[in-house]
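Read through the structure below, which is laid out as structure tokens, and then see the notes.
We did not get these values from a lab; they are worked out from the coordinates using the rules stated. Predicted model only: the values in this text are computed from it and were never measured. Backbone-built Cβ (ideal geometry, glycine too); neighbour counts: all protein chains shown.
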Amino acid sequence: MKWDLSYLFPSLEAYEKGYKETLAIIQSLATFKGKLHIEEKFKEYFALQKEFQKIGLRVYQYAMLKSDLNKKDTVDASRLQLVQIAYHKLQEATSFEEPELIAIGKDQIMEFVERNPEIKEFKFGFEKLFLRQKHILDDKSEALLANFNSLAQSGRELYSSLSVADIENQDVMLDSGEIVQISNSNYRAYIQKSASPEERKDIFEAVFSYYEVHKHTYANIYKTVLEADYALMKARKYETCLDSYLFNNQIPTAVFHNLAQVARTHTEPIKRYLKIRQEVLGLSEYHTYDRFLDLAHSDKEYEFEDAKKLFFESIKNFPDTFQKKAKTATEKGFVDVYEAPGKRTGAYSSSMPDLHPYILLNYSKTLADVFTLAHEAGHSMHSLYASEKQPSTLQDYTIFVAEVASTFNEHNLLDHFIHNSNALKEEKIMLLQRAIDDIMSTFYRQTLFAIYELEAHKLIESGQPITADNLSKIMIDLYQEFYDLDITKEGFKQYVWAYIPHFFYTPYYVYQYATSFAASLKLYEDVKNNIPGAFDRYQGLLSSGGSDFPVKQLIDAGVDLTNEAAFVAVVNRMKELVDQLEVVLKE
Ligand SMILES: [Zn+2]
């Protein structure tokens with residue numbers, strides 16, 4: 001039930017050796033400065049880059065995973081820091097690369113590639129580079145910017161220190177008299193189990209009061225994130241920060257704006273669903289954290305092994321290759337299952353080229369945890385498909401398509417549950433709620449957050465102050481617009497902007513949960529409806545890894561996100577599900 005990191009390095013000594021090799025490669029990469037126009041040197045340089053991929057990424061993976069198992073272990077933390085420093089050095093050492101390649105020119109580079117098949121895997125990267133050309137500065141300016149890379153990332157580290165390392169979990173006395181320690185990763189489960197509004201309030205506030213106490217610090221940390229985005233946007237001559245984030249993957253801004261537009265103008269089914277919830281749950285007042293409450297109840301616990309079995313059963317009609325990938329993804333030693341002191345909260349799958357992916361869970365035996373397993377397994381399977389078909393530099397898929405495989409598994413698991421539930425009323429309600437909540441949290445909530453990021457970036461772009469109050473104001477307005485809820489009546493909810501790590505770690509990330517959700521719903525429905533070739537096209541997408549631009553990859557797989565229709569389809573599905581729920585509740 002724990003990770004076996006000896007797959008990466010059999011011992012700490014082996015790790016240290018790998019780390020030193022990484023440093024040596026970084027040093028030699030720097031010696032190619034001014035020489036890339038010589039074909040032989042060009043070849044050698046990219047061969048060395050491949051070497052770095054092999055050893056450097058393995059080192060990073062090991063240090064990161066080890067540290068995530070216990071964020072309080074300072075030895076692990078400093079090991080990771082050393083690797084991060086090495087990566088900053090890499091950026092400095094190779095900052096000459098892009099300006100030099102641009103100076104050599106696209107025609108010459110492409111000739112090099114044609115003549116030397118061993119570097120062909122870099123071709124797509126070069127094409128991307130020449131697209132970005134107008135945003136890349138001269139040699140001197142790039143070197144200057146590289147000096148500030150580490151500083152520009154400091155918001156993330158500060159956020160992590162404040163939210164993970166320094167966090168003090170509060171004790172709450174439950175109505176039963178039991179005193180429990182409430183943490184970021186267990187509070188949802190306690191609210192879900194709670195039958196009293198006061199108790200739920202206490203549990204919620206135990207987590208969220210922290211964000212109010214530290215609201216100015218959080219606002220200032222976020223300000224550094226926004227300032228770094230804004231400075232880079234200006235230095236690289238983008239129109240807006242959003243443009244700077246979408247440009248590299250050639251995502252048309254229409255995709256972002258269509259999504260936001262469709263979600264915010266179709267909030268009727270959300271509001272109808274919340275009314276139904278309030279009525280069924282018999283609540284005089286509805287709070288945001290009441291979303292964790294179940295409309296129908298089951299004490300059923302799912303042991304981890306059962307969760308795995310359920311997941312495997314759900315995919316048993318899919319091709320063998322797909323099933324094999326699922327087995328491999330969840331193999332012993334590659335899933336760290338249960339919560340532990342100091343362990344990173346939440347869940348993820350982490351993969352590096354040509355290496356077996358690792359899954360982190362904080363498994364607590366709920367139905368939601370079963371879906372989380374299927375979700376993370378989807379990510380790992382995606383990586384396994386890509387590593388089978390693509391050279392190492394083209395395996396890493398963009399975050400834009402990353403959530404397709406994960407949510408595809410979830411749609412499928414849900415249908416499996418529905419068809420095997422023998423259709424008791426309670427079970428039908430639970431599963432419908434699950435499907436609706438999925439759209440609520442992945443499509444609507446993430447789009448709300450995406451609009452928040454857009455508004456926050458607009459503040460910095462238009463020279464407005466970034467304060468806790470300003471950030472809260474954006475959230476207050478959005479919750480009103482989307483849910484018809486006044487979150488100022490709820491203690492601390494307005495600080496939800498400090499609670500979401502993605503805003504700090506990876507700006508303009510979360511909208512991709514919603515776009516991915518829309519894409520995977522369409523691909524899944526094509527498979528379910530036996531559209532000829534649908535599963536092959538889907539596997540084609542997984543195998544394509546990061547070998548093409550994501551919107552194009554999705555069009556090839558059968559879904560066009562530049563068209564509003566893909567998002568309207570999610571809204572229609574939401575309406576259908578809420579209709580069904582109303583019918584079942586009246587049965
Ligand atoms: Zn995911």
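Brief remarks on what is shown
- Applying 0.36 nm per residue to the separation of SER6 and LEU137 and subtracting their alpha-carbon distance, the gain on full extension is 42.9 nm.
- Residues SER161 and GLU339, FRET efficiency given R0 of 30 Å [Cβ-Cβ distance, rounded to 0.05]: 0.90
- Selection among ALA206, ASN184, ASN169 by position relative to the dipole of segment 162-218 gives ASN184 as farthest towards the positive end (Cβ unit charges, Cα centre).
- Net dipole in debye of segment 473-587 [+1 Lys, Arg Cβ; -1 Asp, Glu Cβ; about Cα centre; nearest 20]: 260
- Given charges at beta-carbon only (K, R positive; D, E negative), |dipole| of segment 348-504 in Debye: 200
- Restricting segment 131-215 to chymotrypsin sites (Phe, Trp or Tyr not before Pro) in coil, as DSSP defines it, with at most 12 other Cβ within 10 Å: none
- Computed label-point distance, nm, for sites ASP171 and THR488 using a 7 Å Cα→Cβ extension: 3.6
- Ranked by how many other Cβ atoms sit within 10 Å of their own Cβ, fewest first, the residues MET110, MET381 fall in the order MET110, MET381.
- Each of ASN362, SER392, GLN580 was scored by the projection of its Cα onto the charge dipole of the chain, and the greatest displacement toward the positive side belongs to SER392; charges sit on the C-beta of Lys, Arg, Asp and Glu.
- Whole-Hz ³J(HN,Hα) from phi, Karplus 6.51 cos²θ - 1.76 cosθ + 1.60, for segment 237-243, glycine and proline x: 6, 9, 5, 9, 5, 4, 3
- Pairwise FRET efficiency - ASN529 versus ALA231, Cβ, R0 = 35 Å, nearest 0.05: 0.10
- Dipole of segment 280-320, positive direction: furthest Cα of PHE304, LEU293, PRO319, with charges on the beta-carbon: PRO319
- Cα-projected label distance for LYS33 with HIS297, points at 7 Å along beta-carbon direction, nm: 6.8
- Stretching the chain fully between ASP560 and ASP579 yields a gain of 4.1 nm (0.36 nm per residue, less the alpha carbon separation).
- Span from the segment 65-123 Cα centroid across to the segment 488-519 one, whole angstrom: 29
- Extension gain, LYS72 to ALA195, is 40.9 nm, computed as 0.36 nm per intervening residue step minus the present C-alpha separation.
- Between 0 and 90°, nearest 10: helix 39-69 axis offset from the chain longest Cα axis: 30
- Note on segment 165-295: with charges restricted to the Cβ of Lys and Arg (+1) and Asp and Glu (-1), its dipole about the Cα centre is near 780 debye.
- The chain: relative contact order in percent, alpha carbon pairs under 8 Å with at least 6 residues between: 18
- Against the chain, whose longest principal axis comes from its Cα atoms, helix 468-483 is set at around 60 degrees.
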